[in-house]
1. Need the failing condition index for residue 158 against (1) in contact (Cβ under 8 Å) with a residue 24 or more places away in the chain; (2) closer than 26 Å to residue 243 by Cβ; (3) over 14 Å from the mean Cα position of the chain (by Cα), just the number.
2. Looking only at the stretch 165-183, decide whether some residue is under 30 Å from residue 69 (Cα atoms), over 15 Å from the mean Cα position of the chain (by Cα) and either more than 16 Å from the ligand (Cβ to nearest atom) or without any contact (Cβ under 8 Å) to a residue 40 or more places away in the chain (or both).
3. Restricting the search to the stretch 122-152, which residues are free of Cβ contacts under 8 Å to residues at least 40 places away in the same chain and not in a loop (DSSP other than H, G, I, E, B)?
4. Can you find even one residue in the stretch 189-211 that is outside any helix (DSSP H, G or I), at pLDDT 95 or above and farther than 30 Å from residue 24 by Cβ?
5. For residue 250, only one of the following conditions fails: (1) on the phi > 0 side of the Ramachandran plot; (2) part of a helix (DSSP H, G or I). What is its number?
6. Check whether at least one residue in the stretch 56-77 is over 16 Å from residue 199 (Cα atoms), within 18 Å of the chain's Cα centre (by Cα) and at pLDDT 95 or above, and report yes or no.
7. Of everything in the stretch 54-75, what is more than 14 Å from residue 243 (Cβ to Cβ), part of a helix (DSSP H, G or I) and in contact with a helix residue (DSSP H, G or I) (Cβ under 9 Å, 6 or more places away or on another chain)? Give them in sequence order.
8. Of all residues in the stretch 222-264 being closer than 16 Å to residue 154 by Cα and more than 19 Å from the chain's Cα centre (by Cα), which is farthest from the ligand (Cβ to nearest atom)?
Ligand code: CLR
């Protein structure tokens, strides 16, 4: 590496991650998480801004509403799985995450990936007309009518709306979503200690960023949202159980394997 040639040891997150964090370490950790976030979001903020005028027409909304329950579920499961795939890629690039054992990585993704998708949803949300960028255009709750889970959809939109109101920067969101993933209280973890140590550093990174941005009051608000995320994900799992009971074959043969692996 070029750094060592001039006698400066380049930052190596792998070697220093579990030692005492220095402010340089925390700085580098935030930068690394922010980079990972930027590289794994489907759309950049400028792109989303430019797409805002694209909304579904009445006819298009009607076409979604005319789908059968299982057809619409399958469609949404595919879209959701695409979004989850990006979150998995994000997780794998977080220094403290990729050093965990395979089983713990999977355990964290099982319970955290949907939460991160929902946080990321707020980037794709337009609060002016309560629509989300889905399938290439902005869609309101009515478009999801044929899923027959209006309560889940309303709650998810509500969450996105409220999170939008916090006006997080991309950096704040990046580090917050890393924190959502690195949760030592998740079920089935083998090495909680290690998750906790990785989490501690990301917590420092978040405090550091919020301090720098002069927005320390956000910390409390963000921790409050975590509770809501938990209930939304529980509702999602409950809806999936209900759907699976009605359409076991659709889930079995038409849902994406990753979706079933994480939520099924
Ligand atoms: C989240 C942010 C991603 C793009 C994206 C794709 C699919 C969207 C998802 C976002 C938000 C949640 C979403 C999902 C499709 C279906 C799902 C709207 C915008 C709703 C909540 C339905 C979930 C239940 C189904 C599995 C039936 O960058």
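The values are calculated or read from the model by the stated rules, or taken from the named source; none is laboratory data. Keep in mind that what you see is a predicted model, and the values were worked out from it rather than measured. Ideal geometry is used to build each Cβ from the backbone, glycine not excepted, and the neighbour counts take in all protein chains shown.
1. Single failed check for residue 158: (1).
2. No, every residue in the stretch 165-183 fails to be under 30 Å from residue 69 (Cα atoms), over 15 Å from the mean Cα position of the chain (by Cα) and either more than 16 Å from the ligand (Cβ to nearest atom) or without any contact (Cβ under 8 Å) to a residue 40 or more places away in the chain (or both).
3. Matches in the stretch 122-152: 125, 132, 141, 150.
4. There is at least one residue in the stretch 189-211 that is outside any helix (DSSP H, G or I), at pLDDT 95 or above and farther than 30 Å from residue 24 by Cβ.
5. For residue 250, the exception is condition (1).
6. Within the stretch 56-77 (the criterion being over 16 Å from residue 199 (Cα atoms), within 18 Å of the chain's Cα centre (by Cα) and at pLDDT 95 or above), the answer is yes, since at least one residue qualifies.
7. 60, 61, 64, 65 - these are the residues of the stretch 54-75 that are more than 14 Å from residue 243 (Cβ to Cβ), part of a helix (DSSP H, G or I) and in contact with a helix residue (DSSP H, G or I) (Cβ under 9 Å, 6 or more places away or on another chain).
8. Top of the filtered list is 238.
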